[in-house]
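Have a look at the structure below before the remarks.
Bear in mind that the values in this text are calculations on the coordinates, not laboratory data. Remember, it's a predicted structure, so these values are computed and weren't measured experimentally. In this analysis, Cβ positions are derived from the backbone assuming ideal geometry, glycine residues included, and neighbour counts consider all displayed protein chains.
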Amino acid sequence: MIKNGLLLRSAVPVWVLAAGAGFLPPLAWATGTVYGLALVLLTGWGLRQSGRGKFGPADWITFARAVLVGGAAELIADGGHPLWLLVALVAVALAMDGFDGQVARRTGTASEFGARFDMEVDAFLILLLCIQVSRTLGLWVLAIGLMRYAFVAASWALPWLTAPLYPSMARKTVAAVQGVVLVVAVSGLLPWAVSFGFVVAALASLVWSFGRDTVWLARHRVPTSEPARIVEITRATLRRPHGAVWRSHNQAA
């Protein structure tokens, strides 16, 4: 059987060969190479930290999405390719989101590593889209892509922010809306004013979602070492008449 490490490293030569063939200029080539190396090193590190020796079926789907995201990073760094090519890559990557979770559940291979891998790919894709959209709407759009990373940075000083959150359809919806709105803005199909309004609304929903989850975490301050208590609080919250109000969002956005 071919080792996972060998297959992971195949991501780098793909981008290098494309550059050598003249398809990509130096900046895009450098972006793809750095991204590919980071993908290889970080996934390898994650597997070692989780005690797993190889990818599961769902992880390969996430990895395929990560490769598409790498291609999008190259195109955004280049800036000279047709928008339809970027939109097509991103649309496929977004459409595949959720498949890995379904496969993990059906095959009984769900893992913390897989969930984190999926989350990081989603977060980086959103950041890339924000970079592209900011070229036409302004740098304020970057707030959408950077919000999740700011949340993670805050958790270094406030460990209670790392506690797991209760399941929430609203949280997932807000996260999905970010990708859809940003792709539409990238495509340029809508008038500038309409795209501006949609992106502002997407940012507002994300601020609301992160804010609500942050307030919930601040109120409960559940140690990550007590997952059972989180389950109890979640059930109690959702049993309340206004429990639906507490359904919020996945920090992968």
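Extension gain, R219 to W156: 0.36 nm times the residue separation minus the Cα-Cα distance gives 20.9 nm. Listed peptides 82-88, 191-197 appear in the order 82-88, 191-197 once ranked by packing, highest mean of other Cβ atoms within 10 Å at the front. For the pair A110 and V194, label points projected 7 Å from Cα toward Cβ lie 3.9 nm apart. Give me the percent relative contact order of segment 90-175, please, defined on Cα pairs under 8 angstrom at least 6 residues apart. Relative contact order of segment 90-175: 16 percent. Derived scalar couplings between HN and Hα for segment 141-150 equal 4, 4, 4, 5, x, 8, 4, 5, 5, 5 Hz in order, rounded to whole Hz, by the Karplus curve 6.51 cos²θ - 1.76 cosθ + 1.60 (θ = phi - 60°), x for Gly and Pro. The shape of segment 76-189 comes out oblate: with a ≥ b ≥ c from the C-alpha gyration tensor, a/c is at least 1.5 while a/b does not beat b/c. Multiplying the residue separation of A201 and A64 by 0.36 nm and subtracting their alpha-carbon distance yields 46.3 nm. Segment 54-99 and segment 166-216 have their alpha-carbon centroids 20 Å apart. Among K54, K172, the ranking by other beta carbons within 10 Å of each residue's beta carbon, starting with the fewest, stands as K54, K172. In order along segment 116-124, the Karplus-derived 3J(HN,Hα) couplings, from 6.51 cos²θ - 1.76 cosθ + 1.60 at θ = phi - 60°, round to 5, 4, 4, 4, 5, 5, 4, 4, 5 Hz, and Gly and Pro are given as x.
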